[in-house]
Amino acid sequence: MESTAQYWRPLWETLERYWKPIWEKREGARRKSGTLHLAQAESNRGRRGQKRDFVDAERLVKRLVARELTLSFVPDAEQRLWRTVTRKKYQLRRERARLQNQLESLLEEAHIKLSSLVSDLLGARARRMLKALADGETNPAALATLADQKLRATSEQLCDALGACTDLKPVYRRLVRMALEQLQLLEQQIGQLDQELATLLHPHQDAVQRLAEVPGLGVDSAQQIIAEVGPTAATFPSGQQLASWMGACPGDQESAGVNYSHRSPKGNRHMRRILNQTANAAAEQRQHLRDCVSPLSPPSGT
């Protein structure tokens with residue numbers, strides 16, 4: 001089957017559910033009976049002209065036999081459900097980051113410089129002040145008292161940053177309230193997806209815990225990796241093939257001993273994102289440990 005947008009999914013799931021078990025149990029069935037293949041559309045590109053389904057299907061079979069097609073990895077139905085949950089969770093987190101940027105832009109427009117004094121605009125300290133601001137508080141000193149003592153900014157700095165709230169227009173207060181309500185809804189949905197994912201991956205909890213112990217990884221990253229490649233990555237015979245599928249290895253476009261391109265393939269963008277974040281987290285963790293150990297290390301020559 002040729003993959004075209006999302007149109008292949010209903011037919012694939014139907015064949016996987018009904019046709020494949022019947023074909024595997026028929027008399028004289030071979031080891032690969034009922035195997036489904038999903039070919040990338042670019043590898044089955046035909047000549048320009050009017051599209052005809054029969055000719056396209058015939059060309060697809062011929063190129064499959066000649067091994068000219070680029071086949072895609074399609075996990076089983078259970079793993080596809082894991083992917084759906086983890087990717088939806090990632091989308092909600094991106095939406096949360098986008099909401100934070102919009103809220104910061106709104107406060108800057110209202111001449112409230114709170115983001116320059118707090119490290120996390122959506123943290124507990126800033127959220128208390130924003131909630132009071134949305135409820136109609138007009139006294140900067142009263143808002144400054146809502147920040148705890150752990151905040152490095154002084155009360156004078158907070159009063160100066162929140163001074164515009166004295167004559168803030170009501171529409172800004174309503175917009176801040178709407179942003180806080182959206183934030184609460186997003187966090188509630190993310191928590192629900194966390195519970196769903198924990199339930200789905202409960203049979204593979206040991207694999208999640210082992211993978212989470214890798215430097216730079218955590219439980220969330222481990223769940224995303226297992227959702228993308230499976231709990232054992234049994235589909236990929238070697239690490240080189242897994243790296244090639246992810247697009248984490250450089251290209252090798254060579255002709256007559258001359259390499260023309262080292263560009264990596266597109267691969268699986270979700271796995272590349274996770275690995276890039278993991279590498280950055282591991283590098284920061286290693287640098288932090290080095291900074292902590294270096295003052296305690298003995299001087300040179302001892």
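Between residue 87 and residue 45, take the C-beta separation as r, use R0 = 25 Å, and let me know the FRET efficiency to the nearest 0.05.
0.35
Evaluate the relative contact order of the chain (contact order divided by residue number), counting alpha-carbon pairs under 8 angstrom at least 6 apart; express in whole percent.
Once normalised by length, the contact order is 13 percent.
Which whole-angstrom value gives the distance between the alpha carbon centres of the stretch 207-229 and the stretch 103-145?
36 Å
Springs between alpha-carbon pairs under 10 angstrom, Gaussian network model over the chain: which of 287, 195, 182 fluctuates most?
Result for the chain, Cα springs under 10 Å: 287 fluctuates most.
Kirkwood Rh and Cα-based Rg: tell me the resulting Rg over Rh for the chain, rounded to two decimals.
Ratio of gyration radius to Kirkwood radius: 1.10.
Please find the FRET efficiency linking residue 58 to residue 266, where r is the Cβ-Cβ separation and R0 is fixed at 41 Å, and quote it to the nearest 0.05.
0.90
Which three semi-axes in whole Å describe the equivalent ellipsoid of the stretch 1-55, each the square root of 5 times a Cα gyration tensor eigenvalue, listed largest first?
27, 13, 10
Using Cα-Cα distances under 8 Å and only pairs 6 or more residues apart, what relative contact order does the stretch 77-200 have, in percent?
Averaging sequence separation for qualifying contacts and normalising by length gives 34 percent for the stretch 77-200.
Please list 3J(HN,Hα) in residue order for the stretch 184-191, calculated via the Karplus relation 6.51 cos²θ - 1.76 cosθ + 1.60 where θ = phi - 60°; whole Hz, with x for glycine and proline.
Rounded to whole hertz, the list is 5, 5, 4, 5, 5, 5, 5, x.
Show which lysines lie in cross-link reach of residue 51 when reach means a straight Cα distance below 18 angstrom and same-chain residues fewer than eight apart are skipped.
Partners found: 62.
Taking R0 as 30 Å, what's the FRET efficiency between residue 160 and residue 273 from their Cβ-Cβ distance, rounded to 0.05?
0.15
Show log10 I(q)/I(0) for the stretch 166-271 at q = 0.11, 0.16, 0.22 Å⁻¹, two decimals, from a solvent-free Debye sum over equal Cα scatterers.
Here log10 of I(q) over I(0) equals -0.60, -0.86, -1.18.
Nearest 10 degrees, 0 to 90: what angle lies between the long axis of helix 269-293 and the longest principal axis of the chain (Cα atoms)?
So the inclination is approximately 50 degrees.
Give me the lysines in straight-line cross-link reach of residue 150: C-alpha distance below 28 Å, same-chain residues under 8 apart excluded.
Candidates past the 8-residue exclusion: 113, 131.
Any read-out appearing in this document is the output of simple, stated calculations on the displayed coordinates, not a laboratory observation. Since the model is a prediction, treat every value here as computed from it, not as a measurement. Counting neighbours? That spans all protein chains shown, and the Cβs are built from the backbone with ideal geometry, glycine included.
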